[in-house]
Amino acid sequence: MAGLTIYVSSVLSLLLIFVLKKILSYRSNPNYPPGPPGQLLIGNLRQIPDKKPWLAYTKWAKEYGDVMHLEVMGDHIVILNSSSAANDLLEKRSRIYSGRPYEDVALTTGWGINITFQSYSDKWRKNRRLYQQVFRPDAIVRLLPAIQQCIGIFLGNLLGSPERFMDHAALLSGGVPLKTLYGLDITSGEDPLIAIAESATSTMDTIFSPRFIALLKCFPFIMSVPRWIPVLGPVRKYIEATQKSLEDLREVALQHAQRNVESGLENDGIVLRLIREVNMDDINPGKEICRIKDMAATAYAAGADTTLSSIDTFFLAMARNVDFQKIAQQEIDRVVGKDRLPTLDDRGTLPHVEAIYQEVMRWHPAGPLGGPHLTTEADNYRGYYIPQGTIVLANLWAITHDPEVFPDPDDFKPERFLNSKGHINDVLAYGYGRRICVGRHLADTLLWLTFASVLACFSIGKEKDEQGHEIDIPEAYSDGPAFFS
């Protein structure tokens, strides 16, 4: 009974503090950017959908503009719905827009291993240097044989069972980080190591939804709540299950690699090499090993989510756009020939393949809101006040679906990336500023080679019914996180 009394008292104290904070904020009332009116105390919490919030933000932008203010449980949120606003703040003023919110949520749930959720600090800078060491362009070149091996397996699987292309794509997107990082060869999309990554990434939509974040903000002591307490008890159990999934993500593949080495098998994976290079005479070598594990787990999870999403989008787009697909295939036949697969050396001579790649990234970006930024100082923009500690989101969906920049934005039109000379115009793909995706070179290489290789070997079309009529393919997408920033 004493425990329950303490629990109730803590809840009431937190609510009192929150109400006082709201009263003080209402008194100040600075000139925030425009946005939809919220409700007392909770702000816009109930208006922000848990699923596909970027669509709601894009709709609201038509009324409130490209710089929009929301408020959730006392937290200020600014949504940037145009490329100009995103560049002005996240690129040109990156010094004060490179923080990260929700670090406490990440640490509570286990997602603190991911650099995406780490605050802009010396720790983040040190971790980012490790990522850059592993994923910089010249390092990716050394990974090309492993990447091409995985793509070759993918093509063979497509030939054997094309109807299972999504399973084969899961094997490719998960197999590349497992091969390059851990030195593991995965032969099935149903491999338990693939399932581990999928299980971990599946928690992100819930953990980082506005309602879940608000819940943890109101009850920061939730991991001390008895599991039998209604509402909060099940939340604690969910967090514990998430922590277990992330621990598996961090440890199981590494354990497989270590057992292989102990059995006498050769392992050329990055992780074991980096661990061997750790100076065990340092003050805290275990901390360095933890950083390596965290980096590998983050890359491992990214393959299971964002890379897979882009590959699936490519297949959907090609099945629905056969004419442009044929043009790209003819280009490959003419430039590369039919006796080998395209390589990165061919990339500059295949503008139609490049246009397909760019349009896939624009049409359905794998991370429609990118990673959230946090202001480390107060700022003024266009006469609007943006407080210190404001969460800032670049709505990549709105930016890449701006009809002024991309006419007919909902249509897949690779030709929009071909100018009169057949060259490609730049398009946003991997984020902004100091928090730009550090794994972008690996993702870019893997996706382009995959698209080009599939186009060189296969024609993609819609399935037909018994009467020979094409079966239309609906667009169905779930939420997706953004890693590596």
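Arrange the following residues from fewest to most other Cβ atoms within 10 Å of their Cβ: L274, L254. Numbers along the way, then the final one.
Numbers: L274 20, L254 23.
Ordered from fewest to most neighbouring Cβ atoms within 10 Å, L274, L254 come out as L274, L254.
List the GluC sites (Glu not before Pro) within the stretch 329-434 that fall in a DSSP loop (any state other than H, G, I, E or B) and whose Cβ has at most 11 other Cβ atoms within 10 Å. It would help to have the intermediate numbers written out before the result.
Values: sites: E331, E354, E359, E377, E404, E415; in loops: E377, E404.
Sparse-neighbourhood loop GluC sites (Glu not before Pro): E404.
Check the straight Cα-Cα distances from K293 and name the lysines below 26 Å, setting aside those fewer than 8 residues away within the same chain.
Correct list for K293: K123, K126, K179, K237, K244.
In the chain, which longest range has no chymotrypsin sites (Phe, Trp or Tyr not before Pro) that are both DSSP loop (not H, G, I, E or B) and surrounded by at most 14 other Cβ atoms within 10 Å?
229-476
Sorted from fewest to most neighbouring beta carbons within 10 Å, what does the list I229, I399 look like?
Ranked by crowding around the Cβ, least crowded first: I229, I399.
Using a ≥ b ≥ c from the Cα gyration tensor of the stretch 31-184 (square roots of the eigenvalues), is it rounded, prolate or oblate, where a/c under 1.5 gives rounded and otherwise the larger of a/b and b/c decides, a/b for prolate?
Working: a/c = 2.33, a/b = 1.71, b/c = 1.36.
Prolate.
For the stretch 123-202, report the % of Cα-Cα distances exceeding 21 Å.
Cα-Cα pairs in the stretch 123-202 separated by more than 21 Å: 38 percent.
In whole Å and largest first, what semi-axes does the C-alpha gyration tensor of the stretch 146-274 yield when each eigenvalue is scaled by 5 and square-rooted?
Equivalent ellipsoid semi-axes, largest first: 36, 19, 11 Å.
Treating only the Cα positions of the stretch 198-300 as identical point scatterers, give the base-10 log of I(q)/I(0) from the Debye formula at each q in 0.18, 0.20, 0.21, 0.25 Å⁻¹.
Each listed q maps to, in turn, -0.93, -1.02, -1.07, -1.30.
Add +1 for every Lys or Arg and -1 for every Asp or Glu among the other residues with Cβ under 12 Å from the Cβ of I311, and state the total.
Summing Lys and Arg as +1 and Asp and Glu as -1 gives -3.
Just how large is the dipole of the chain about the Cα centre, in debye to the nearest 20, putting +1 at every Lys and Arg Cβ and -1 at every Asp and Glu Cβ?
It works out to roughly 1720 debye.
Over the stretch 31-457, what is the relative contact order in whole percent, taking alpha-carbon pairs under 8 Å and six or more residues apart?
For the stretch 31-457, the relative contact order is 24 percent.
From the helices alone, meaning DSSP H stretches of at least four residues, give me the mean residue ellipticity at 222 nm for the chain, per-run term -39500 (n - 2.57), in deg cm²/dmol to the nearest 500.
Working: 18 runs with 249 residues, N = 485.
Helix-only estimate at 222 nm: -16500 deg cm²/dmol.
Tell me, in nm to one decimal, what length is gained between D104 and T349 on full extension, where the rule is 0.36 nm per residue of separation less the Cα-Cα distance?
Result: 83.5 nm gained on full extension.
Each value in this text was obtained by applying a stated rule to the coordinates, not by laboratory testing. Here the structure is a predicted model, which means the values were calculated and not measured. Cβ: placed from backbone, ideal geometry, glycine included. Neighbour counts: every protein chain shown.
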